[in-house]
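Down below is the structure, laid out as structure tokens.
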Amino acid sequence: EVHLVESGGGLVQPGGSLRLSCVVSGFSFSSHYMHWVRQAPGKGLVCVSRINFDGTKITYADSVKGRFTVSRDNANNTLYLQMNSLRADDTAIYYCAREMVVAGTDLDYWGQGTLVTVSS
Amino acid sequence: QSALTQPPSASGSPGQSVTISCTGTASDVGAYDYVSWYQQHPGKAPKLMIYGVINRPSGVPDRFSGSKSGNTASLTVSGLQAEDEADYYCSSYADSSNVLFGGGTKLTVL
């Protein structure tokens, strides 16, 4: 059975940093692109970052470029999101999601999300 | 990286059909057959309902169907049921490997 479990969220002051982790199981992690998607309270979904199989092809939303860094450890089935210079508008639930192997960017499995709150 | 455009709300009575639109541009929805739809109940993670414009993942009822014409994709829910009440989001691949979501549509079953 496929599982994605995020961790690392919490309360952080503006300008601070957090590192999110997403541990996966039940599938071949290295065979899938992975995504971080966030959802601010009461708002819609936004794709924060997308990373290919080996971390050599990465895209970011304009709002996080230069502040967030995505990476993956295929040996340990773990996806990461390093978030620096956090701002109040980064407050959101952060989901990791698996991209299907078929052509496209469809996300067929999602974690339960981890809440990041940026506030003084 | 502008979001795709969805109506904020839609509604229908049990048994009826409702269609939710998702409008993009020639650089995203119009350029690729890579449109997906997600259902999200309150407090839950999104669930994939349609991928590749028209395909249903295993376990998704055939009451859910997708289509696309030009720069607009659509999700149709037929034979509405109470459990279909949720937020629905479209998504599309876009130029430069970006992934765009729509703003979401709250579906109410009357």
Calculated over the protein assembly as shown: convex hull of Cα atoms, volume per residue (Å³): 112
Euclidean distance of C-alpha centroids, segment B:1-59 and segment A:6-38, integer Å: 25
Occluded residues from segment A:84-117, i.e. those whose accessible area drops by 20 Å² or more once the chain is not alone (1.4 Å probe): A:Tyr95, A:Met100, A:Ala103, A:Gly104, A:Thr105, A:Asp106, A:Leu107, A:Trp110
Alpha-carbon radius of gyration plus Dmax, which is the widest Cα pair, for chain A in Å: 13.5, 43
Share of carbon and sulfur in the accessible heavy-atom surface of chain B [1.4 Å probe, %]: 46
Mean projection area, nm², convex hull over Cα of segment B:41-110: 5.6
Accessible area that becomes buried as A packs against B, both chains, 1.4 Å probe, Å², nearest 100: 1700
Heavy atoms of A:Val23: accessible area, 1.4 Å probe, square angstrom to 10: 70
Isolated Cys residues of chain A, judged by Cβ distance under 4.7 Å to other cysteines: A:Cys47
Computed over segment A:15-64, Cα set: Rg, Dmax in Å: 12.8, 36
Summed side-chain charge close to B:Ile50 - residues other than B:Ile50 whose Cβ falls under 14 Å, Lys, Arg +1, Asp, Glu -1: -1
Total lysine pairs under 16 Å (Cα atoms) in the protein assembly as shown, excluding pairs fewer than 8 apart on one chain: 5
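The values are calculated or read from the model by the stated rules, or taken from the named source; none is laboratory data. This structure is a prediction, so every number in the text was calculated from the model and none was measured. Here the Cβ is made from the backbone with ideal geometry for all residues, glycine too, and neighbour counts use every protein chain on show. These accessible areas exclude ligands, DNA and RNA; they are computed on the full protein's heavy atoms, side chains included. Shrake-Rupley method; radii C 1.70, N 1.55, O 1.52, S 1.80 Å.
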